[in-house]
Amino acid sequence: MIEGQCLCGGVKYCYHAEIEKTIICYCKHCQMAQGSIFGWNSPLQKSKFEITQGIKFLKEYFHSPHKARVFCQKCGSPIYSYRLDLPDIIRLRLGTVTQGHVSAPPEQAYVQYKPDFLHIDE
Ligand SMILES: [Zn+2]
Ligand SMILES: [Zn+2]
């Protein structure tokens, strides 16, 4: 089982399954949304994902019409995103995981936006 939370601890969640696939994405939207070098995400089954605390703190932002980015409005931590056309899947922001195993990413996207100083084994 996977557990996690936002920075302030107001929002807590658990995922009643294992994380199977993780993705690092260097696209400019991920960089801006995370305020960092990349987004580190995993597609999860929404039916097995549970907000266990602080659902009232969650706020959604639609940067594009079909994709919501869900974050804690108290501390700003990005928690997950989802697409209206893929209602069974959420994409968890893996920096928020506190318990459970998160595997290394087999996949990196938009590496052309990766800063030169960052070296990751391909
Ligand atoms: Zn928070
Ligand atoms: Zn991206």
Fill in: ³J(HN,Hα) computed for each position of the stretch 30-36 - Karplus, 6.51 cos²θ - 1.76 cosθ + 1.60, integer Hz, glycine/proline x
5, 4, 5, 5, 8, x, 8
Worksheet, complete the sentence: For 46-55, 4-13, ranked highest to lowest by mean beta-carbon neighbours within 10 Å, the order is 4-13, 46-55
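With a 1.4 Å probe and all protein chains in place, put CYS75, CYS27 in order of accessible area, largest first. Please list the in-between numbers first.
On the way: CYS75 45, CYS27 25 Å².
The residues order as CYS75, CYS27, largest area first.
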Worksheet, complete the sentence: For LYS67, counting only lysines whose alpha-carbon sits under 17 Å away and dropping same-chain residues fewer than eight positions off, the answer is LYS28, LYS46, LYS59
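With a ≥ b ≥ c the root eigenvalues of the C-alpha gyration tensor of the stretch 2-113, is it rounded (a/c under 1.5), prolate (a/b larger than b/c) or oblate? Walk me through the intermediate numbers first.
Numbers: a/c = 1.38, a/b = 1.17, b/c = 1.18.
Verdict is rounded for the stretch 2-113.
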Worksheet entry | Solvent-accessible heavy-atom area per residue, rounded to whole Å², over the stretch 2-113 at 1.4 Å | 57 Å²
Worksheet entry | Cα-projected label distance for ASP116 with ILE55, points at 7 Å along beta-carbon direction, nm | 4.9 nm
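Within 12 Å, Cβ to Cβ, of GLY10, how many net charges do the neighbouring residues add up to if Lys/Arg are +1 and Asp/Glu are -1?
+4
For the peptides 62-71, 97-106, 78-87, what is the packing order when you average, over each peptide's residues, the other Cβ atoms within 10 Å and list the highest mean first? Spell out each step's value before the answer.
Working: 62-71: 14.2, 97-106: 12.7, 78-87: 16.5.
Most protected by this proxy first, the peptides run 78-87, 62-71, 97-106.
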Worksheet item: Given charges of +1 on the Cβ of Lys and Arg and -1 on the Cβ of Asp and Glu, with all other atoms neutral, how large is the dipole of the chain about its Cα centre, in debye to the nearest 20?
Response: 560 debye
Worksheet item: How much of the accessible area of the chain, in percent, comes from carbon and sulfur atoms when a 1.4 Å probe is used?
Response: 53 percent
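Tally Lys/Arg at +1 and Asp/Glu at -1 over every other residue whose Cβ is under 13 Å from the Cβ of GLY76; what's the total?
Working: positive: LYS59, ARG69, LYS74, ARG93; negative: none.
Charge balance near GLY76 sits at +4.
The values are calculated or read from the model by the stated rules, or taken from the named source; none is laboratory data. Just so you know, these numbers come straight off a predicted model, no measurement behind them. Every residue, glycine among them, receives a Cβ derived from its backbone with ideal geometry; neighbour counts consider all protein chains shown. Protein only, heavy atoms only, side chains kept; ligands, DNA and RNA dropped before computing areas. Shrake-Rupley method; radii C 1.70, N 1.55, O 1.52, S 1.80 Å.
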